[in-house]
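Asker: One structure, pasted below without further comment.
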Amino acid sequence: MATKDRTQKAYKIAQELYAELGVDTQSAIARLKDIPISLHCWQGDDVGGFERPDAELSGGGIQVTGNHPGKARTVQELRLDLEKAYSLIPGSHRLNLHAIYGEFGGKAVDRNEIGPEHFQGWVDWAKGQNVKLDFNATCFSHPKADSGFTLSNRDKGVREFWIEHVKLCRNISAFFGRELKSPCIHNLWIPDGDKDIPIDRWTPRALLKASLDEIYSETFVASEMKDAVESKLFGIGSEAFVVGSHEFYLAYALSKGVLPCFDLGHFHPTESVADKVSATIQFCDEILLHVSRPVRWDSDHVVILNDDIRAVTQEIVRSNALNRIHIALDFFDASMNRVGAWTIGTRATLKGLLIALLEPTDVLRKYEAEDNNFARLAMLDSLKNMPFGAVWDYYCLEADVPVGTSWLKEIQDYEIDVTSKRT
Ligand code: RNT
Ligand code: ZN
């Protein structure tokens, strides 16, 4: 049977089975279609950027491992790779840029010199692709970040340099939001921290707070840009102390009305980021998520459809917070095909959302209200073998992207035709 017929047949049966539970698969698909995922540009070139032809990630508590051939070396290659990834992912999505991905025309443009002019090319591309943009200041891979301290550096000159950089990045973000008519989320993550036990944790935090106050003293309209601040438990080379810890940034975000950013890889392994969603949105309007996968000491493995993804997507849907939680991806793996990595991670996140949208939440809520713990658990466990895959395949078919595993070959062909030729 042809893929199309088979997919439609399987969907019909799945639709019936879900309807028996009171779930309307069509409306789940319609809701999924409206959820944008912000793809991170930095998976395409191992967080290198375009400041110099051979730019590489350095310092900064994060690391890329692997040397799979074919990474994007130019802005054109990166865009081509992104277009390939978007063509394999159902729905309309966003692109998350970092400041080092500007088009600097072969000139040495320092971080305190960047402006919208370096990102006009991205805006033009985004308009053509119908993609909206998000942004990040880049406070790493730079001599002034080598000490491990940026906005919380004891040296006033270094702090001022980074303050200026972040201010310019917020301005570029507002430019994106205006041009593309969609608020750009500007996320701030800094690497600041210590490998070994500091005796003074207070001073760097006081300095960071003062730097942030200075940065956010300038206000932008929310229709153009929104700010987020990203915490971390520890990083590579900042194992003993991170200045911008969870408590620091959550308190800061709530007191200043900026968004907290929760990266799924930035917490203790037994801590649930899903649980933080309903807790935090009682006190703030919106949250940014960095969807990642921690594995031991790495916080940035390629996202797959695991229990963490299912839990966090369930929590968003059950909290009725789809319009308040912004979903961005954050992983970088140089050991495999990079376009494939984007596609795996984005499709996995969307699958998690679909499963959550296919849940008979009202039925479960009723059991819970009646203290019927048996029925709640039985239903939850039975739902695991519902045919969500048939609904997913049908959604892909309707969205005109490859169904099932057929996209693997597309990636492999792209590798043969395009990326393997980059030597
Ligand atoms: C680092 C943070 C941050 C980065 C990107 C490249 O631990 O997660 O979000 O991954 O800015
Ligand atoms: Zn992150």
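Asker: Return the FRET efficiency for the residue pair residue 284, residue 304: r is the Cβ-Cβ distance, R0 is 35 Å, and the value is rounded to the nearest 0.05.
Answerer: Working: r = 29 Å, r/R0 = 0.83.
E(calc), rounded to 0.05, equals 0.75.
Asker: With every protein chain kept in place and ligands, DNA and RNA left out, what is the accessible area per residue of region 62-199? Probe 1.4 Å, answer in Å². Could you put the intermediate results ahead of the total?
Answerer: Values: 5490 Å² over 138 residues.
Per residue, region 62-199 has 40 Å² of solvent-accessible surface.
Asker: Mind running the shape call on region 317-423? Use the C-alpha gyration tensor, a ≥ b ≥ c as the square roots of the eigenvalues: rounded below 1.5 for a/c, prolate if a/b tops b/c, oblate otherwise.
Answerer: Values: a/c = 3.03, a/b = 2.33, b/c = 1.30.
It comes out prolate by the Cα gyration axes.
Asker: How many angstrom lie between the C-alpha centres of region 165-222 and region 23-80?
Answerer: First find each Cα centre; the distance between them is then 21 Å.
Asker: In whole Å, what are the extents of region 3-47 along the principal axes defined by its C-alpha atoms, from largest to smallest?
Answerer: Cα spread of region 3-47 along its principal axes, largest to smallest: 47, 25, 14 Å.
Asker: Taking the alpha-carbon distance from residue 127 and a cut-off under 18 Å, which lysines remain once sequence neighbours fewer than 8 residues away in the same chain are dropped?
Answerer: 84, 181
Asker: Taking a point 7 angstrom from the Cα of residue 13 along the C-beta vector, which residues in region 374-402 have backbone N less than 16 Å away?
Answerer: It comes to 385-394, nothing else.
Asker: So who's got an amide H within less than 5 Å of the one on residue 193, skipping anything under 5 residues away but keeping other chains? H placed 1.01 Å off N, in plane.
Answerer: 243
Asker: What FRET efficiency do you get for residue 120 and residue 251 if R0 is 30 Å and r is their Cβ-Cβ distance, rounded to the nearest 0.05? Write down the numbers at each step before the final one.
Answerer: Numbers: r = 37 Å, r/R0 = 1.24.
Given R0 = 30 Å and the Cβ-Cβ separation, E is 0.20.
Asker: Just from its helices, what would the mean residue ellipticity at 222 nm be for the chain, if runs of 4 or more DSSP H residues each count -39500 (n - 2.57) and the sum is divided by every residue, rounded to the nearest 500 deg cm²/dmol?
Answerer: Working: 14 runs with 182 residues, N = 423.
It comes out at -13500 deg cm²/dmol, rounded to the nearest 500.
Asker: Just grab the label-to-label distance for residue 1 and residue 155, each label 7 Å out from Cα along the Cβ direction, in nm (one decimal).
Answerer: 6.8
Asker: Quick check: convex hull over the Cα atoms of region 280-321, volume per residue in Å³, rounded to an integer?
Answerer: Details: hull volume 3.5 nm³, N = 42.
In region 280-321, the Cα hull volume divided by residue count equals 83 Å³.
Asker: A further question follows. Quick one: if you stick a label point 7 Å off each Cα along the C-beta vector at residue 384 and residue 20, how many nm between them?
Answerer: Distance between the two pseudo-spin positions: 2.0 nm.
Asker: Now for a separate question. Cut-off 20 Å, label point 7 angstrom out along Cα-to-Cβ of residue 296: give me the residues of region 66-94 whose amide nitrogen falls inside.
Answerer: 66-68
Asker: Give me the Å³ per residue figure for the convex hull around the C-alpha atoms of region 102-211.
Answerer: Values: hull volume 12.1 nm³, N = 110.
Output value, Cα hull per residue: 110 Å³.
Asker: Output the antiparallel fraction of DSSP beta bridges having both residues in the chain, as a percent to the nearest 5.
Answerer: Working: 5 of 33 bridges.
Percent antiparallel among DSSP bridges in the chain is about 15.
Asker: Follow-up question, since we're still on this one. Residue by residue through region 280-286, what is 3J(HN,Hα) from phi via Karplus (6.51 cos²θ - 1.76 cosθ + 1.60, θ = phi - 60°)? Round to whole Hz and write x for glycine and proline.
Answerer: 6, 6, 6, 10, 9, 6, 9
Asker: Turning to a different aspect of this structure: Students often get this wrong: which residues of region 182-209 have the backbone nitrogen under 20 Å from the point 7 angstrom along Cα-to-C-beta of residue 147?
Answerer: 189-209, by backbone N distance to the label point.
Asker: Follow-up question, since we're still on this one. How many nm is it between the label spots at residue 54 and residue 369, if each spot is 7 Å from the Cα in line with the beta carbon?
Answerer: Using points 7 Å along Cα→Cβ, the separation is 6.6 nm.
The values are calculated or read from the model by the stated rules, or taken from the named source; none is laboratory data. The model shown is predicted, which means the values in this text are computed figures rather than measured ones. Cβ sites come from the backbone with ideal geometry, for glycine too, and all protein chains shown count toward neighbours. These area figures cover heavy atoms from the full protein model, side chains too; ligands, DNA and RNA do not enter into them. Shrake-Rupley method; radii C 1.70, N 1.55, O 1.52, S 1.80 Å.
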